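*Asks:* Sharing a structure below in structure tokens format, with a few things to ask.
Coordinate-derived values only; no laboratory data. The shown structure was predicted, so the numbers you read here are calculated from the model rather than taken from an experiment. Every residue, glycine as well, gets a Cβ built from its backbone with ideal geometry; the counts of neighbours run over all protein chains shown.
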Amino acid sequence: MRGFGLFLGMVFAAAPVAAQSHKEAARANVAIAVELCGASYPGSEAWLGAFRAAGFAERVENLGNGDLNYHFTAPADTASAVIYLGQMAPDCTVTTHYMGVTETSQMIGAMLAQRSPGKYLRSGLPGSTAAPADQSPVCAVFTERGVELPEFIAISSARGGNICIEDGTSRIYIATLV
């Protein structure tokens, strides 16, 4: 996973936010979790330690065969992150029930544009065909360009498998393509 440069210093200075509306806290905590998930650390313990230092509560799930899921939760359950470490390539999934896919896609796009202008190729996932054309959800997939093992970021609904539906939730999957 790649470092987020400008944001990394801000992340370590920030802690999860609880003393605002759930929506505002969710937005801040999702941004922190995404920054931490995308940061490049020298080892898995440093990666996990960054979440602990940022004030996220932790629970470990043993999947067997040396595979572990580390569940991190922000205050008031405004956002959560699950980090997989084990036999496969590590990945991180950030979830919130307070931001829809369109808002989340826009936020992640703005974060990536600020930290690495032009470095990520944005593509879309098909949205729900049940919504009117002017209200169709916008889910995005961002793929890092110009590197051998690119970072991949995909946004979808938190409530249904990898679908793009505007239900007020979002899931951000972050991994390095291997």
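*Asks:* Taking the beta-carbon count within 10 Å as an exposure proxy, list R122, R59 from fewest neighbours to most.
*Replies:* Numbers: R122 14, R59 11.
Listing R122, R59 from fewest to most nearby Cβ atoms yields R59, R122.
*Asks:* Considering amide H positions built from the backbone, and no H for Pro or chain starts, which residues 5 or more places from E166, or on another chain, come under 5 Å of its amide H?
*Replies:* S128
*Asks:* Still on this structure, please answer the following. In sequence order, what are the phi-derived ³J(HN,Hα) couplings for segment 172-178 according to the Karplus relation 6.51 cos²θ - 1.76 cosθ + 1.60 with θ = phi - 60°, rounded to whole Hz, with x for glycine and proline?
*Replies:* After applying 6.51 cos²θ - 1.76 cosθ + 1.60, I find 10, 9, 10, 8, 9, 6, 10 Hz.
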